[in-house]
Amino acid sequence: MSDPLTAAQRSERMSRVRGNNTGPELTVRRLIHGLDYRFRLHRRDLPGTPDLVFPGRRKVIFVHGCFWHLHPDPDCRLAQMPKSRQDY
C-alpha cells in the first residue's frame, strides 16, 4: 500500500508531532510538582528518554497518550484502533 502523501507532505505532517511538552505531560508535571516532588525532564542518558526523572528515588515516569494505551473509554476519539494496518 503506497502512501497517499508526497514525501514533502509527510515530512511536514510528521514535523508537527511533538515528543516533549505535550498536553498530558504538562498535566502530569503540574500535578507532581504540586505534590512537592522535584524532578528532571527528558534525560537523554537514560534508556527511552523518560519524561520525568526522580534521580534521588531512582524512579522515572513515561507519559504516553491515549493512542498508545488504547484505554477503554468509548468517548475518547484518540483511543481508537486505526482502520489501516490493524495486523501491525
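Each value in this text was obtained by applying a stated rule to the coordinates, not by laboratory testing. Just so it is clear, the structure is predicted and the values come from calculations on it, not from any experiment. FYI the Cβ positions are ideal-geometry reconstructions off the backbone, even for glycines, and counts take in every protein chain you see.
Hey, what do the phi angles of region 22-31 turn into as Karplus ³J(HN,Hα) couplings, whole Hz, using 6.51/-1.76/1.60 and θ = phi - 60°, x for Gly and Pro?
Result, rounded to whole Hz: 7, x, x, 5, 5, 5, 5, 4, 4, 4.
For Val17 and Arg57, what is the calculated FRET efficiency with R₀ set at 22 Å and r taken between the beta-carbons, to the nearest 0.05?
0.15
With charges only on Cβ, +1 for K and R and -1 for D and E, what is the dipole size of region 21-68 about its Cα centre, in debye, rounded to 20?
200 debye
Taking Cα pairs under 8 Å and at least six residues apart, what relative contact order does region 1-55 come out at, in percent?
23 percent
Among 36-48, 4-16, 52-64, how do they line up by average Cβ neighbours within 10 Å per residue, starting with the highest?
The densest-packed peptide leads the list: 52-64, 36-48, 4-16.
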